[in-house]
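Report on the structure given below.
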Amino acid sequence: MDIFHDRVSEASRSRTIGREMRDPYRYSIRDLLRMTKRAVKRVNLLKEKLNTALSANQELDILGQELIEVYTDRIQDDHDREAVGDQVSHLFGQFNQDEDLQIIDTANSISFGEISVHKNSRGGPYIPGPEAKLEHLPSTLRYLKRLAKAIAMDEKVLLVGPTGSAKTSL
């Protein structure tokens, strides 16, 4: 994994990725630690949910998914994201990149695969009601899953966007 980290960092410094950006993308050991923490937690959550050990391929899928998610978080260009994904595939082989975007919405929680977060049932002035129901478009589900995963991993989240871009609804 450190080889991957070094390659992506060098690609950013040399402007192989991020050519259109004013400054190169910054990668640090924190990215590597974040990815490792997320992969380990997801493996443990899935083991607990399935009540069995995971195969090496299942663990590799999770590792690859987390590598791509953590290292493409800040990348704005689709070609750059693809280049990072190609680096993951080159170093770790083929893996299942498909995300489970099926949402299970119960009265107390929302789940995406092994990731589950509890709802704030108390409400409040900043908690949207049923009128703010989101359409389950693939892009919306990806954002919701990423937010749920960040919450489950005890990560800080900052939502940024123009007025009316569904920040409050998410």
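Give the average over all directions of the projected area of the C-alpha convex hull of the chain, one decimal, in nm². Result: a mean projected hull area of 11.3 nm².
The P(r) of region 82-141 has a tail past 18 Å containing 55 percent of all C-alpha pairs. Ordered by 1.4 Å accessible area with all protein chains kept, GLU69, GLU10, GLU20 run largest first as GLU20, GLU10, GLU69.
Gain in length, ARG13 to SER121, computed as 0.36 nm per residue apart minus the alpha-carbon separation, to one decimal in nm?
Computed gain between ARG13 and SER121 is 34.3 nm.
Checking the Cα-Cα distances for LYS47/LYS145; LYS41/LYS167; LYS37/LYS167; LYS41/LYS145 against a 21 Å cut-off, the pairs over it are LYS41/LYS167; LYS37/LYS167.
For the pair VAL157 and GLN58, the difference between a 0.36 nm per residue extended length and the Cα-Cα distance amounts to 32.9 nm.
The values are calculated or read from the model by the stated rules, or taken from the named source; none is laboratory data. Predicted model, so just to flag it, every value in this text is computed and none were measured. Only protein heavy atoms, including side chains, enter the accessible area calculation; ligands, DNA and RNA are left aside. Shrake-Rupley method; radii C 1.70, N 1.55, O 1.52, S 1.80 Å.
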